[in-house]
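Working notes, beginning with the structure itself.
All of the numbers you see were taken from the coordinates with simple rules; none came from a lab. What you are looking at is a predicted structure, and each value in this text was computed from that prediction instead of being measured. Note: ideal-geometry Cβ built from the backbone for every residue, glycine included; neighbour counts use all protein chains shown.
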Amino acid sequence: MLANIRPVDERECSRVLAEATASHTPVAVLGSGSKQQIGRPMHTATSVSTRGLRGITLYEPSEMVMSARAGTPLEQVEEALAGRGQMLAFEPVELAPLTGGEPRQATIAGVFATNMAGARRIKVGAARDHLLGVRAVNGRGEIFKSGGRVMKNVTGYDLCRGLSGSWGTLAVMCEVTFRVMPVPEDTCTLVLLGLPEEIAIEVLCAAMATPFEVSGAVHLQPALVARLWHEGLRRQGQALTALRLENFAKSTAYRGARLKEHLKAYGEIHELDRENSSAFWDELRQLSVLQGSDAQLWRISTSPSAGPKVVAAISAYMECRAFYDWSGGLVWAEVLPTTDAGAADVRRVIATHGGHATLIRAEADVRSAVEVFQPLEAGLQKLSRKLKAAFDPAGILNPGRMYANF
Amino acid sequence: MRAMSLVALPEPDAKIVARREAIVEDLRRLVGAEAVIGDEDGRRAYETDALTAYRRLPLAVVLPASTEEVSRVLAYCHQHGIKVVARGAGTSLSGGALPAEDAVVVGVSRMNRVLEIDYMNRIARVEVGITNLGISDIVKARDFFYAPDPSSQLACTLAGNIGMNSGGAHCLKYGVTTNNVLGLKMVLMDGDVVEIGGAHLDSPGYDLLGLVIGSEGQLGIATEATVRILRAAEGARPMLLGFDTSEAAGQCVAAIIGAGIVPVAIEFMDRPAIHVCEAFAKAGYPLEVEAMLIVEVEGSNEEITDLLSVITEIAKAFAPKTIRISQSAEQSAAIWKGRKAAFGAIGRISDYYCMDGVIPLGKLGEVLVAISHICDKHGLKVANIFHAGDGNLHPLVLYDANDAAQAERAEQAGHEILELCVASGGCLTGEHGVGIEKRDLMRVQFTETDLALQMRIKTVFDPKWLLNPAKVFPLEGRSAALEAA
């Protein structure tokens, strides 16, 4: 009889999943479980957690590569990296507190399984772009690997990216190998206040089109500025547009000055020093402005110029508060709770402007009733179902977590 | 050039070959006579790619002008069980575009239009027959560029880059194809057209884009792509560092990265490579050193000067024989000309077999020693070129193609070198792909389970296994793996 299982190595994980497939027992796939309130609610009596698979197994700072067992706490990974002046460049965001969970619980494999990246994604790519290798167990209980520990690898199909963002529905990751980057020597932030949304996104895009390597480009509506932890910024009480530069100190000074000059027509530009910059971007990484609210929350990826149009169109149907990341291309949109989270309207808007929307925060019955992940066009849905079956023919891994029927 | 003999190719399906004339007629009806090449001379032009030792005359060649035409051709071939080999510019070094006597080549070279350039959102939407450099050329006037830069970028198509997940010298900073493509329009083998991703970041659902890119034309034929275009840096400048040993050069790379500097490119050349390239490009490479690094950084003039002086200080700990910073745009161009022309320059003095293994940087010294032992054993010379920042090693095994025994020894040496790369913690191919060349070595890197899973994914997209047959997966064991599925 399977129960809540915490395998201590990949062989045990393999045995457990083979048994689950043989007995057609659905299992919830977990790291720490910190993101369990996200996705479609599942009806699984048993779970397999990677928390028993812990520890950093390889770290070569001069090759910018680290391997860690799946259940290694993200915090432990980041501490080890910080000790050598390095970091996970894609800046994984903290999701758990959005749904009432404790912060700092995430595991490293959970970060890749959900492919969550923060503000720096526009410059350096998402979690999926940093995953070099994976060892995992599929639904049949087969142990497999893909990729490796080197930066470049086109040997065979790229299952690392295939597993990224699959929310535990294809395989249980046992060990991940990923690219790491040096922590920049200096950070500075340029801030503009009170810009209308369309203009703000124009500023972000204009900054991204300079050679100064902007590594964060965000815009917050006033209602969300009011929730910032940073007191000085919160007190501004106006829409806030921010651009981050990271580099050697001489370069951030030079590039900051050039960028200010470039954007001066848009109004007064304030500058945050290194300490204030770090505090600001750190709280954005924790999604501070979206915490502590009972509003339903959508995460929408679209093209930057479409961002404000999407928000305006949604606002025509329902009250909506928005935090724009990725130069305007990622919209975190809070809407007042309803029984369907406005899904039909949100998806109609997306169909017009392009992109996809995921319902991150809503009550379980709402997440059961509407499509949490963007519904797929028929051809892609067919491929996705068959892909799921190639990894997990009995459909035991996180059944229904992403889509109702597979 | 004589054919190498190590990689077996399956016997063509005689029934399909016998129907060649009728199939050509059918294809002409589907896409117009001018888009189908049926005569032998015409087909001969498509018999090989850049792995010229292998040649096969294709059944027919189709050059469609639209997604709709690709769809019609694939649906027809799917219905009649005819194999299909997709082709960009035919620059594959691994035989990825090698045709077969019973397969139709679908070349995308006529589909090379730019559909949309959007500077605000920093994307370009293009047909995939456009050349790699063609994308950068279109956006250059606005100081933008498309980042992946394989050495063949003047000729190779985006289609081929998508198939092989191509990289290049500058991918240390900017990533490879999979990091720079946001969306694809793709025709599946049954003729269905799917759109994966789009003008936004990160696809919904499974990362099919990630699976398709680098699948060597075995999952579908892409016809349009949305790619990221980036604003170019204010400037870039390379420096040359020469060392007495390869180990010192490798340690210097590790120290630069360890100091928190990620240059846009770090290229390594050993003594034989330096000499050949200098003779060709007159780049001012140091001839008295055993190993040389080209380190390039980007930024404003002042930033570049600062960074290169920091790198110079770091390098001094490894007793460099040469430290030379480029003083002009002409010098920079010459330095890169030598490197980018390396394969051609070496090709002028000898036939060579170009390997594409990847190793952890820390193993560079010992791997180079072992490579020279392998080549000595086979009585062959070798020159090594290495994307040092990301561990991608290109040993060029020199041989005489008119000497069949030597050609076979070169291929054997190459296989031993790749096995060495895997044993050192690396992999068989960093950017050239598996193709036919490394197909039979896949078991060196993967278990049967690993391969069976990849083959099941192939079956998801192409149930009859008609796309780019006889590539990537070893021929033996295919049916067993799929039956077990």
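Brief remarks follow.
- For chain B, convex hull volume per residue from C-alpha positions, Å³: 146 Å³
- Based on the reciprocal of the average 1/r between different C-alpha atoms, the Kirkwood radius for the stretch B:350-439 equals 12.8 Å.
- For A:GLY165, residues with placed amide H under 5 Å, excluding near neighbours: A:ALA113, A:THR114, A:ASN115
- Once the Cα atoms are used to define both axes, helix B:329-340 deviates from the longest principal axis of chain B by about 50 degrees.
- Pair-distance distribution of the stretch B:115-159: all C-alpha pairs, bin width 10 Å, starting at 0; shares per bin in whole percent are 29, 58, 13.
- Size of charge dipole - chain A - debye, nearest 20, with Cβ of Lys, Arg +1 and Asp, Glu -1, no other charges: 980 debye
- Centroid-to-centroid separation of the stretch B:406-485 and the stretch A:321-361 [C-alpha atoms, Å]: 43 Å
- Between the beta carbons of B:SER350 and B:SER372, assuming R0 = 22 Å, the FRET efficiency works out to 0.85 to the nearest 0.05.
- Contact order normalised by residue count of the stretch B:1-138, Cα under 8 Å, 6+ apart, percent: 23 percent
- Translational D in µm²/s for the protein assembly as shown (Stokes-Einstein at 25 °C, 0.890 mPa s, Kirkwood Rh from C-alpha pairs): 87 µm²/s
- The sum of -39500 (n - 2.57) across all DSSP H runs of n ≥ 4, divided by the residue count of chain B, sets its helix-only mean residue ellipticity at 222 nm to -11000 deg cm²/dmol.
- Cα gyration tensor shape for the stretch B:236-342, rounded if a/c is under 1.5, else prolate or oblate: oblate
- Rel. contact order, % - alpha carbon contacts under 8 angstrom, at least six apart, chain B: 15 percent
- With eigenvalues of the C-alpha gyration tensor scaled by 5 and rooted, chain A, Å: 36, 26, 18
- Remark: the stretch A:218-345 carries a charge dipole of roughly 480 debye about the Cα centre, counting +1 on each Lys and Arg Cβ and -1 on each Asp and Glu Cβ.
- Under a Gaussian network description of chain A, with springs only between Cα atoms under 10 Å, the residue in A:GLY55, A:GLY71, A:GLY328 that fluctuates furthest is A:GLY55.
- Rel. contact order, % - alpha carbon contacts under 8 angstrom, at least six apart, the stretch A:191-288: 35 percent
- Here the label points at B:ASP39 and A:ARG285, each 7 Å from Cα along the C-beta direction, are separated by 6.5 nm in the simple model.
- When the square roots of the Cα gyration tensor eigenvalues are ordered a ≥ b ≥ c, the ratio a/c for the stretch B:143-300 is 1.5 or more and a/b exceeds b/c, which makes its shape prolate.
- Lys, Arg +1 and Asp, Glu -1 on Cβ, resulting dipole of chain B about Cα centre, debye, nearest 20: 440 debye
- Every helix of 4 or more DSSP H residues in chain A counts as -39500 (n - 2.57), and over all residues that averages to -9000 deg cm²/dmol at 222 nm.
- Pairs over the 27 Å Cα-Cα cut-off, from the set B:LYS140/B:LYS173; A:LYS388/B:LYS363; B:LYS185/B:LYS438; A:LYS145/B:LYS471; A:LYS35/B:LYS185: A:LYS388/B:LYS363; B:LYS185/B:LYS438; A:LYS35/B:LYS185.
- Dimensions of the stretch A:259-387 along the principal axes, based on C-alpha atoms and rounded to the nearest Å, stand at 50, 34, 31, largest first.
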